[in-house]
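What follows is one structure encoded as structure tokens, with my remarks underneath.
A short reminder: the numbers here are calculations on the coordinates, not readings from a lab. Bear in mind the structure is a predicted one, so any value in this text is a computation, not a measurement. With ideal geometry, Cβ positions are generated from the backbone for all residues, glycine too; neighbour counts draw on all protein chains shown.
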Amino acid sequence: MGIVGYLTLDSEATFHSRIGAYLLSFFIPCFIVFFTQKLTSGERLLKYGMGYIFYVISVFYVMPFGNAWFNGIRLGLFPCILISLAVLFYGERLLPKN
């Protein structure tokens, strides 16, 4: 999660780094789903999605509440987190059962 946060919220983040954050927020959970196919969706979301939830809490702790919402949506952090959590939960439908 730190990589996605760095690629979106850093002061030197560019358009290309934000595109990389979107790609990583899709592909990293895909690899997690691929290697943990025996886990249920809820277990996977709890085990691997807690890092995203703690990161959101830390963003609200570091920034003022209104500023965190505005920057999180404008810079792409919250959409990346939603993509990652959705892939962790629904990812087994994307990948073959083999």
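In whole Å, what is the distance between the alpha-carbon centres of the range 61-78 and the range 5-46? Using only Cα atoms, the two centres lie 18 Å from each other. Using the Cβ-Cβ distance between PHE15 and LYS38 with R0 set to 41 Å, the FRET efficiency works out to roughly 0.60. Fewest-first ordering of SER11, SER84, SER41 by other beta carbons within 10 Å of each residue's beta carbon gives SER11, SER41, SER84. Which one of HIS16, SER41, ALA86 has its Cα pushed farthest toward the positive end of the charge dipole of the range 2-93, where Lys and Arg give +1 and Asp and Glu give -1 at the Cβ? Going by the charge dipole, the pick is SER41. Helical runs (DSSP H, four residues minimum) scored at -39500 (n - 2.57) apiece and divided by the length of the chain put the mean residue ellipticity at 222 nm at -25000 deg cm²/dmol. Per residue, the convex hull spanned by the Cα atoms of the range 4-53 measures out at 65 cubic angstrom. Each Lys and Arg contributes +1 and each Asp and Glu -1, all at the Cβ; summed about the Cα centre of the chain, the dipole is approximately 300 debye. Each residue in TYR55, TYR48, TYR61, TYR6 was given a count of other beta-carbon atoms within 10 angstrom of its own, and listing them fewest first yields TYR61, TYR6, TYR55, TYR48.
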